[in-house]
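In what follows, a structure is listed as structure tokens, so that the remarks can point back to it.
The values are calculated or read from the model by the stated rules, or taken from the named source; none is laboratory data. What you see is a predicted model; the values in this text were computed from it and never measured. Cβ placement follows ideal geometry from the backbone for every residue including glycine, while neighbour counts extend to all protein chains displayed. Areas reflect the complete protein model, heavy atoms only, side chains present, ligands, DNA and RNA absent. Shrake-Rupley method; radii C 1.70, N 1.55, O 1.52, S 1.80 Å.
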Amino acid sequence: MIKIFVILVLCFSLKSAETEHSNLIKQVILRLHKTLEFFEQDYESVNLDGLYGIRISQGVFINLSHKAKSNWFYQSIKKPILNLSHRISFLANKVYFNLFSLSIDYVENFKRLVDRPYMSKTKIRTGLLQDKFLQVNFNKNDSFNEKLSDECYLELLNGRHGDPIEPQCFEFYTTDGTSGYSLTHQLLFFMIADNIDRFGDVSVQLLDFLLQENTINKNMASYLAKQKDNDLKSQIFRYFCTRVYYDADNMFKKFTNANDFKQDLFIEQIVLCGSLGFEEFFKIEWLEIIFSFQNQNGCFK
């Protein structure tokens, strides 16, 4: 449910919001109020993943508060923006202090990721790719190793600039043809590196890894070798989000009903690439499916 909440928030940051999507934004405001009411009453049940989502939302509204000072469209909805921003910040702090009062090792280990608003440092806006190397194997989900993924996240979060990342982590995060949660967690590793100012040294280690004889034929290595500009960060995020888009679009085309739909995965795909600024993920028909999941009390099915 937190991920749907984040999608509602991210709708505000659409570049097109102030033109053709202004009516959508007004609908989102109403839905956000309902969803916030639900969380404010049940904040003690929000887990670490939920807090991360709230921190992303908090960061979006901090940026929107600045926009409301100069942008004509956001000035017109300045009052609800400031109201929602205050409520989200208050909720984030309540959830944060509640979680850390429980003294759980898992929560403590990821403190660096959730102890402040998540401010995305990269905004690409648009730019998905057409490349045969970016095809997705829609059946390659079984190999997702959540334990290894968490260990690699912690190695990144608890290390200092220049500290080595284990080769098994780069092997895991550059595996070809992945889809589902394996693919979104590959992307998330590099997003976290960017957020904690370690993208520079991590990307150097990544290139060294990809230049080895046994890894140089990986799809990511082949893709990066063909790029002509030096913006490695945008190249990597485009590489992953193009594949995530193919995966999400495949799920959408097979949609029949909410009960048989991988709601959590679909929403995670939109949240991650949407927070990087890829507006291709905010297709009206995708959002309408997500909105249909919301009940009268603000909760999502």
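Quick notes on this one:
- Residue in the stretch 247-257 that is more than 24 Å from Pro117 (Cα to Cα), touching a residue at least 60 places away in the same chain (Cβ under 8 Å), in a helix (DSSP H, G or I) and of a type in the set (Phe, Trp, Tyr) present: no
- Long-range neighbours under 6 Å by Cβ, at least six apart or interchain, first residue crowded, with 19+ Cβ neighbours inside 10 Å within the stretch 73-100, second of a type in the set (Val, Ile, Thr): Ala92/Ile54; Val95/Val46; Leu99/Val107
- Among the residues of the stretch 194-219, those identified as at pLDDT below 90 and either of a type in the set (A, V, I, L, M) or more than 23 Å from Asp163 (Cβ to Cβ) (or both) are Glu213, Asn214, Ile216, Asn217, Lys218, Asn219.
- Across the stretch 144-201, the number of residues qualifying as farther than 21 Å from Tyr118 by Cβ, over 15 Å from the mean Cα position of the chain (by Cα) and not charged (D, E, K, R) comes to 16.
- Restricting Leu183, Leu188, Leu207 to residues that are open to solvent by 10 Å² or more (accessible area, probe 1.4 Å), part of a helix (DSSP H, G or I) and farther than 18 Å from Asn230 by Cα narrows the list to Leu188.
- Candidates in the stretch 94-109 are the residues that are assigned to a helix (DSSP H, G or I) and β-branched (Val, Ile, Thr); of these, the one that is modelled with the highest pLDDT is Val95.
- Note on the stretch 256-288: residues that are surrounded by fewer than 16 Cβ atoms within 10 Å (Cβ to Cβ), at pLDDT 85 or above and of a type in the set (Val, Ile, Thr) total 0.
- From the list Arg198, Arg160, the lone residue that is open to solvent by 10 Å² or more (accessible area, probe 1.4 Å), within 19 Å of Phe110 (Cα to Cα) and charged (D, E, K, R) is Arg160.
- Complete set of residues in the stretch 34-93 that are assigned to a loop (DSSP other than H, G, I, E, B), touching a helix residue (DSSP H, G or I) at 6+ places or on another chain (Cβ under 8 Å) and modelled with pLDDT of 80 or more: Val46, Asn47
- The residue that is modelled with the lowest pLDDT, among those in the stretch 126-151 that are of a type in the set (A, V, I, L, M, F, W, C) and over 20 Å from Leu224 (Cβ atoms), is Phe138.
- In the stretch 61-68 there is at least one residue matching the filter, namely being among the polar types (S, T, N, Q) and within 24 Å of Arg31 (Cβ to Cβ).
- Of the residues making up the stretch 48-72, just one is in contact with an Asp or Glu (Cβ under 9 Å, 6 or more places away or on another chain) and open to solvent by less than 10 Å² (accessible area, probe 1.4 Å), namely Arg55.
- Between Tyr246, Tyr239, the distinction of being crowded, with 18+ Cβ neighbours inside 10 Å and of a type outside the set (A, V, I, L, M) belongs to Tyr239 only.
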